[in-house]
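This report concerns only the one structure given below.
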Amino acid sequence: MEKSGTQTPLSLAAAEAVRTYAATTRSALGSAESPVISYAGLWLLLASLAPAAETETDEILGLNRADARAAALTLLEAPHPTIGAAVAGWLRSGVELTKGLPIVLDPLPDQAGLDAWADAHTRGLIKEFPLEIDARTLLVLASALVVTPRWSEQLEEGEDGLLVLEDGFQAVVATAAAGPVAVACPSSEDGISVYSVIAEEGVSADDVWRAADEVVRRIDAGEVHDRTFDAGQEDGHARTVREVTAFGSAPSDRWRSHVPEWSAEDRHDLSAAPGVAEIARGVMAAVAEETEAVCVQKAVASYDREGFKAAAVTGMMVRAAAAAPRETTVRQIDLRFDRPHAVVAIARGGAWEGIPLFDSWVTPA
């Protein structure tokens, strides 16, 4: 749970902005139970494009256009032992822009080229770009975010099949959002804290996330410390308390957390996420022809005895608007199978060609 480096006022503001944006977007999308999603990856892309927005972005991104862009650049250029981040843009040859965009645009590659970019910037965790380009694709913008911290000590498997954490951060914390929650975070020297937070059964996912935000804020503020037990010194949800025999210079309390190995992947349509439409409109205004935009993210994550891995690629595609269908007159023929009728299944191909496999006599209800 080590912290590295010194935060500047802008980086502190960016951290708060991303936390707030995550909570807002989680609520707006109803994504509290998504297997894995990176709100930071979306924020990084939108913040990089913030100067293209037609209005200020304080209420959406938590920072105005200039500060959001500056914060994004700082994050992209800041070295970190285990975080990889990138933002890129590609423009189809022959497409004219009416104004510049706050991002370097390279020639649009084929789908394999975009897949290769995703693979390279997620350390091989995501091998396919989340959007498929076609003849209507004019402009593609993307962010990639990857973290791969390793635990300071490998976690061992317990008798119940769960991994056993004996060091790192462990606590039981009373929260306003979800009541008492148990918290576990393995030690890592890679500058990443991976907190597991569990609330009482029946607490909604939204409230658990609110509690997690509350816990992390209080830890960062020095209000909650390792081995905190502020929910009553007795058994409760997700915890048992008993006396055991210890030898040598054992601490007064012995803490152990039992956490599962897990892996997940997900794909999200983020077109309705806060800020996407506002910034997409500014981006689309830079393209001379009539356009439409979509925003999609692919994310993966895994947690095992050695460490944590997670990656997300967020893509925004601007494409030519579909042409309105031409009006014409056609003959309409309706067939109704509303009386008893036969159905037969015929094999096609090779030695089975033409063989009726199944016959059915269907009597509609």
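The values are calculated or read from the model by the stated rules, or taken from the named source; none is laboratory data. The shown structure was predicted, so the numbers you read here are calculated from the model rather than taken from an experiment. A quick note on method: Cβ atoms are made from the backbone with ideal geometry, for glycine too, and the neighbour counts reach across all protein chains shown. Please note that ligands, DNA and RNA were not included when accessible areas were found on the heavy atoms of the full protein model with its side chains. Shrake-Rupley method; radii C 1.70, N 1.55, O 1.52, S 1.80 Å.
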Evaluated at 4 °C with a viscosity of 1.567 mPa s, what Stokes-Einstein diffusion coefficient in µm²/s does the range 1-117 have when Rh comes from the Kirkwood expression over alpha-carbon pairs?
81 µm²/s
Calculated FRET efficiency, residue 289 and residue 28, Cβ-Cβ r, R0 22 Å, to nearest 0.05?
0.15
Result: in the chain the number of Lys pairs with C-alpha under 26 Å apart, spaced 8 or more or on different chains, is 4
Given the C-alpha atoms of the chain, compute the convex hull and give its volume per residue in Å³.
261 Å³
Extension length gain for residue 16 and residue 132 (0.36 nm per residue less Cα distance), in nm, is 38.4 nm
Solvent-accessible surface (1.4 angstrom probe) belonging to residue 262, in square angstrom, nearest 10:
100 Å²
May I ask you to compute the full-extension gain from residue 267 to residue 153, defined as 0.36 nm times their residue separation minus their alpha-carbon distance, rounded to one decimal in nm?
37.8 nm
Spin-label point model (7 Å from Cα, Cβ direction): what's the residue 237 to residue 306 distance in nm?
3.5 nm
Residue 329 versus residue 220, label points 7 Å from Cα toward the beta carbon: distance in nm?
6.7 nm
Quick tally, 1.4 Å probe accessible area for 309, 298, 99, sorted with the most first, runs 309, 99, 298
Length gained if residue 96 through residue 111 is fully extended, taking 0.36 nm per residue and subtracting the Cα-Cα distance, is 3.3 nm
If unit charges are put on Cβ atoms (+1 for Lys and Arg, -1 for Asp and Glu) and the dipole of the chain is taken about its Cα centre, the option from 129, 21, 90 lying farthest towards the positive end turns out to be 90
Rank these by accessible area, largest first, 1.4 Å probe: 319, 254.
254, 319
